[in-house]
Amino acid sequence: MKIVCYGDSNTYGYDGDEMFGGRFPEGRRWPDLLGQMLGCETVNCGLNGRRVPRFRRSIEADAALLQRCGDGAVVIVMLGTNDILAEAEAEDTAEHMRRFLEALRKAMPQSSVLLAAPPSVTDFGEDCILCSEALAAAYERLAEESGVFFVDTAPWQIPMGGDGVHFSEQGHRLFALKMGQTLRALLR
């Protein structure tokens, strides 16, 4: 089995405790840890600052990027934190995600897709918490309508680094553990 992890800086492995930014070493990021736990290949398609693709060109480009990783893979899609921080509405973000998932399913029809609502953004006020919760609910409806798997990662209470947005090293370990448990249950 191959797992493709498509997301933002938390998938990339950005280290929020580094003064000038940095990246956790290979083997300490959740996609790498997940692959080690499950004994499979993982591909880290995380990118700092990535939001849910909004325009036809970016949707098609990102779907094609994932397609090159190999149809038949399990694709974990976890985006939305940067949308929330940019004050995007949850329903708008979910609608963009709908279009992206449609393109992804077309590009990779043999792949299983897991849509993951990202952990709540709690250090930036009540509005961000409410938007995180609304996004998780919208993603859950979207997953049901789109025929993809869904997981809300907010209840996992992932430890964050000093900036309050990016996973700590302990957070990457816990996230990989919880994601591994989720995949085992879903793919039985």
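The values are calculated or read from the model by the stated rules, or taken from the named source; none is laboratory data. Here the structure is a predicted model, which means the values were calculated and not measured. Methodologically, a virtual Cβ is constructed for each residue, glycine included, from the backbone with ideal geometry; neighbour enumeration extends over all protein chains shown.
Structure summary
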read-out	value
Segments classed as helices (runs of 4 or more DSSP H), wholly inside segment 1-106, with at least 1 members that are farther than 25 Å from residue 133 by Cβ and at pLDDT below 95	56-67
Residues of segment 107-133 satisfying the condition of being over 22 Å from residue 6 (Cα atoms) and assigned to a helix (DSSP H, G or I)	126, 127, 128, 129, 130
Residue that is farthest from the chain's Cα centre (by Cα), among those in segment 64-87 that are of a type in the set (A, V, I, L, M, F, W, C), farther than 20 Å from residue 4 by Cβ and surrounded by fewer than 19 Cβ atoms within 10 Å (Cβ to Cβ)	86
Conditions (1) within 20 Å of residue 151 (Cα to Cα); (2) surrounded by fewer than 21 Cβ atoms within 10 Å (Cβ to Cβ); number of the one not met by residue 4	(2)
Checklist (1) surrounded by 15 or more Cβ atoms within 10 Å (Cβ to Cβ); (2) in contact with a helix residue (DSSP H, G or I) (Cβ under 9 Å, 6 or more places away or on another chain) applied to residue 147, failing item	(1)
Residues of segment 104-130 classified as under 17 Å from the mean Cα position of the chain (by Cα) and crowded, with 20+ Cβ neighbours inside 10 Å, total	11
